[in-house]
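Here's the structure we're looking at; comments come further down.
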Amino acid sequence: MSKVVLFGLWGGVITPRPLESFQKFENFMNLPKDFISSIIVKGGSENALARAEKGKLTFVQMVSELEAECQIEAESRGLSLPAEFSAQKLFDELRCVEFSRMVLNAAATLRGHGILTCVLANLWVDDSLQRDNTAKVLSVLARHFDFVLRSCDIGARLPEPTMFQTALNKLDVKPQQAIWLDVDEESVQAAKNLGITAVHITDISEALKKLEKLARLELSEEKMPLSCTPEEVIHGYVTIKPGVKIHYVEMGDGPPVLLCHGFPENWFSWRYQIPALADAGFRVIAPDMKGYGDSTAPPDIQEYSQEKILQGLAQVTLVGHDWGGVVAWNMAQCHPERLRAVASLNTPLFPMDPNKDPMERLKSIPIFEYQIYFQEPGVAEAELEKDLTRTFKLLFSASSETDTHPQVDMTGICKRGGLFVGLPEEVPRSALLSETALQYYVQQYSKQGFRGPLNWYRNVERNWRWMCSRPWGKILIPALMVTAEKDRILLPIFTTGMENMIPNLTRGNIENCGHWTQMERPLEVNKILISWLTETHQKASISISPKLR
């Protein structure tokens, strides 16, 4: 059985291939066909490009030598190079590569089934002014594949056997356990000579069909997007006041997008969105909200009021879910100068009524009774912290699991004396969570418990008084409201009429999806968010540089 799939970088994982780019440049410069490639062939293993790919020259040094080689070739043919000719321009198109989504999806599926993935890349040490483009490519590769081997790091290049042997040794795999896919016929033959099963790519979709048969897996459809682990993101802290720090993770570069989670979650609930938005050209920042995870959890209840929570931020696009959605709408209402745009998953903008007691309003909506149950400090904490594994197994379930997974009745909670009263002690784990993900939530809540997260609910009247004291006008910044068809708490009908308060509102709806939107339907969430974020920033003339197209 295959244990690893190796992909060639150029023409397989990304396009265009260098030789294709060189041919376009020849046409543009009205040079003879194969002018550039003939220089490379003549130079053999000692041409400037080959030596750069082996790490003997840096990119800048290669360009200088390639320029001289082109001049010599032109003189030998009795040609004059155009005045605008530059060896540097040869590589301009290679700075704007496109990743094959089909290959990235296939890699994700392979990894999900325990098959290692690796990219073999003929690449140079990039010391040019445009080196950040190379860094971005390597960053995407590192997220999507288990191992990336650059030719310049080992002094060998494809199709040399050393490239294959180094990768297999690193991954502790025998040639007979590997599959190689590439557009280059020489490298395909070299792989076969080593005993590696090889697929020559002439059409990427056909090549992946062959890979499906060899790996005995269905690779044609993207079922789940790439997720990130705590080890794959940058961690940081920001001090919001003496003694209070907010932990956050980030990935990518570009316009900032802040992802705010809800209850009872942490930054990890955005694990499927963080890589996708980063690949789309955004700097993604996902905090542990105050009281959660590795952020400080002050003991005072008023520390979790919206007045305190909304402090900070400057010109970000804020995307929230559950309590994060409340933060999003309140920030847009009270501090629009700090936001470029605002989006909410599941959480509607509830109109403020200064004439109605907020607690009485909660009591009038039976499915919000859990918020009444949360009011007394210590009561809900005791139930939720008794068995953290059981707690998260009961709270996190998909809308499709109503027949196979115990459901928490959100009504009658106070009367029966708790959320989980009457539910079995042994609970199956939802398909929403891998065992690793479940244990991460357990580990995070083992640090500080539920006191901080529950304190968000204990500021109902304080929040109401503060919001009533603020100017209450329309939200004029770009906004997105995404509803989940089968959310049993934040019902889609609650969003009716939001356009009256938000004239620039875009809507999205996800069918067959419950409350845990980012985890249950990550593909749909990512598509909606990326489309809206891209359009919103383009309309504002804010440039983004997507790494995947």
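The values are calculated or read from the model by the stated rules, or taken from the named source; none is laboratory data. Everything quoted here is computed from the prediction, not taken from an experiment. Counting neighbours? That spans all protein chains shown, and the Cβs are built from the backbone with ideal geometry, glycine included. Note: areas computed on protein heavy atoms with side chains; ligands, DNA, RNA excluded. Shrake-Rupley method; radii C 1.70, N 1.55, O 1.52, S 1.80 Å.
Starting from residues that are part of a strand (DSSP E or B) and of a type outside the set (A, V, I, L, M, F, W, C), keep the ones in the stretch 174-218 and report whichever is least open to solvent (accessible area, probe 1.4 Å).
D182
Please state which one of S305, S269, S295 is closer than 30 Å to P377 by Cα, under 17 Å from the mean Cα position of the chain (by Cα) and of a type outside the set (V, I, T).
It is S269.
Taking E381 and the conditions (1) open to solvent by 20 Å² or more (accessible area, probe 1.4 Å); (2) of a type in the set (D, E, K, R); (3) under 36 Å from the mean Cα position of the chain (by Cα), which numbered condition does it fall short on, given that it satisfies the others?
Among (1) open to solvent by 20 Å² or more (accessible area, probe 1.4 Å); (2) of a type in the set (D, E, K, R); (3) under 36 Å from the mean Cα position of the chain (by Cα), the lone unmet condition for E381 is (1).
Would you pick out the residues in the stretch 1-44 that are of a type in the set (S, T, Y), outside any loop (DSSP other than H, G, I, E, B) and closer than 20 Å to I201 by Cα?
T15, S21, listed by residue number.
Scan the stretch 174-190 and tell me whether some residue there is without any contact (Cβ under 8 Å) to a residue 24 or more places away in the chain and under 26 Å from the mean Cα position of the chain (by Cα).
no
Looking only at the stretch 72-109, how many residues end up being part of a helix (DSSP H, G or I) and open to solvent by 80 Å² or more (accessible area, probe 1.4 Å)?
Residues flagged as part of a helix (DSSP H, G or I) and open to solvent by 80 Å² or more (accessible area, probe 1.4 Å) within the stretch 72-109 amount to 7.
For the stretch 399-443, give me the residue count where each residue is open to solvent by 10 Å² or more (accessible area, probe 1.4 Å), under 26 Å from the mean Cα position of the chain (by Cα) and among the aliphatic types (A, V, I, L, M).
Within the stretch 399-443, residues that are open to solvent by 10 Å² or more (accessible area, probe 1.4 Å), under 26 Å from the mean Cα position of the chain (by Cα) and among the aliphatic types (A, V, I, L, M) number 3.
Determine which single condition L129 fails, assuming it passes every other condition in (1) part of a helix (DSSP H, G or I); (2) free of Cβ contacts under 8 Å to residues at least 12 places away in the same chain; (3) not small (G, A, S).
Result: L129 passes all but (1).
Scanning for something at pLDDT below 90, open to solvent by 10 Å² or more (accessible area, probe 1.4 Å) and in contact with a His (Cβ under 9 Å, 6 or more places away or on another chain), does the stretch 139-153 turn up at least one residue?
Scanning the stretch 139-153, I find no residue that is at pLDDT below 90, open to solvent by 10 Å² or more (accessible area, probe 1.4 Å) and in contact with a His (Cβ under 9 Å, 6 or more places away or on another chain), so the answer is no.
Say we look at the stretch 462-476 and pick out the residues that are of a type in the set (F, W, Y) and outside any loop (DSSP other than H, G, I, E, B); which of these is most open to solvent (accessible area, probe 1.4 Å)? Outline the logic, then answer.
As a first pass, look at the stretch 462-476 and keep what is of a type in the set (F, W, Y): 464, 466, 472.
Still in the running and outside any loop (DSSP other than H, G, I, E, B): 464, 466.
Numbers: W464: 59, W466: 39 Å².
Within the stretch 462-476, the match that is most open to solvent (accessible area, probe 1.4 Å) is W464.
Kindly check whether there is at least one residue in the stretch 234-244 that is surrounded by 23 or more Cβ atoms within 10 Å (Cβ to Cβ) and within 30 Å of E98 (Cβ to Cβ).
So far as the stretch 234-244 goes, no, none of its residues is surrounded by 23 or more Cβ atoms within 10 Å (Cβ to Cβ) and within 30 Å of E98 (Cβ to Cβ).
When you go through (1) farther than 26 Å from D279 by Cβ; (2) open to solvent by less than 80 Å² (accessible area, probe 1.4 Å); (3) part of a helix (DSSP H, G or I) one by one for Q518, which number turns out not to apply?
(1)
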